[in-house]
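Student: Right, I'll just put the structure down here and ask away after.
What follows draws every value from the coordinates through simple rules; no lab data is involved. Owing to the predicted nature of the structure, the values given are computational and were not obtained by experimental measurement. In this analysis, Cβ positions are derived from the backbone assuming ideal geometry, glycine residues included, and neighbour counts consider all displayed protein chains.
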Amino acid sequence: VSCAVILKKSINKKILKDSKTISFKDRLRIAEHIKKNSWYAIGSASVKEIDKYNIFHASLLSMERAAKKLKKKPHIFLIDGTHAPKKLENSKTIIKGDQKIKCISAASIVAKVYRDLYMIRLGNKYPSYKWNKNFGYGTAQHLDSLKKFGVTNYHRRNYKPVHNILFR
């Protein structure tokens, strides 16, 4: 999941920081503020696309989709990290951009909230995997659930623990 954001003047920039440093509850509140005070769009890549292209290329595809859906276009796209989608013209990558640039922080927060809420819905649908608590990360409990209950269509087949279960 990726997000493209253009901040409006009404945004409270003081609350924008690296999404990983904000509690889940605060991220929910801040994401709502961002959505009300910016132009934003979400892009994503499917599990099948991640398996087909790998996580890196799927994330670039996700970024490209978010940028394409953005109703208002920025003069330049500022991107967290070292790589930008090739089809995205006028972009600049910034290492640790989510810690340095407010619009990147905002995009990171909205994307993380979108993904977390998606994982909570999946967790409600498949309670055995506890996605509503581990958010899809390979915790010991999640890996135990994979071994006990098997693989769903929401698991990445190329992720080594899943691959090992499928092809042991």
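Student: Taking every DSSP beta bridge with both residues inside the chain, roughly what % is antiparallel (nearest 5)?
Tutor: Roughly 60 percent of the beta bridges in the chain run antiparallel, per DSSP.
Student: What chymotrypsin sites (Phe, Trp or Tyr not before Pro) in region 57-144 are in a loop by DSSP, with at most 11 other Cβ atoms within 10 Å of the Cβ?
Tutor: Y137
Student: While we're looking at this one, here's another question. For region 52-101, place one equal point scatterer on every Cα, skip the solvent, and apply the Debye formula. What is log10 of I(q)/I(0) at q = 0.13, 0.26, 0.30 Å⁻¹?
Tutor: -0.30, -1.08, -1.25
Student: Further question: Once R0 is set to 25 Å, what does the formula 1/(1 + (r/R0)^6) return for the Cβ-Cβ distance between T21 and I76, expressed as a FRET efficiency to the nearest 0.05?
Tutor: Details: r = 26 Å, r/R0 = 1.02.
That gives a FRET efficiency of 0.45.
Student: Convert each backbone phi in region 63-68 into a coupling constant with the Karplus relation 6.51 cos²θ - 1.76 cosθ + 1.60 (shift: θ = phi - 60°), then list the ³J(HN,Hα) values in order as whole Hz, x for Gly and Pro.
Tutor: Couplings: 4, 4, 5, 4, 4, 5 Hz.
Student: Calculated FRET efficiency, S128 and V47, Cβ-Cβ r, R0 22 Å, to nearest 0.05?
Tutor: 0.80
Student: Another question, if that's okay. How much of the pair distance distribution for region 43-168 lies past 16 Å, counting alpha-carbon pairs only, in percent?
Tutor: Summing the P(r) tail past 16 Å for region 43-168 gives 68 percent.
Student: Are any of the pairs K17/K68; K96/K147; K8/K48 more than 32 Å apart by Cα-Cα distance, and if so, which?
Tutor: K96/K147; K8/K48
Student: Quick one: length gained pulling K148 to K14 fully straight, 0.36 nm per residue minus the C-alpha distance?
Tutor: 43.7 nm
Student: Now for a different question. So what J values fall out for region 40-56 if you push phi through Karplus, 6.51 cos²θ - 1.76 cosθ + 1.60 with θ = phi - 60°, rounded to Hz, Gly and Pro as x?
Tutor: With the stated coefficients, region 40-56 comes to 8, 8, 9, x, 8, 10, 7, 4, 4, 5, 4, 5, 6, 9, 5, 4, 4 Hz.
Student: Calculated from DSSP H runs of 4 or more alone, at -39500 (n - 2.57) each and per residue, what is the 222 nm mean residue ellipticity of the chain, nearest 500?
Tutor: Calculated from helices alone, the mean residue ellipticity at 222 nm is -15000 deg cm²/dmol.
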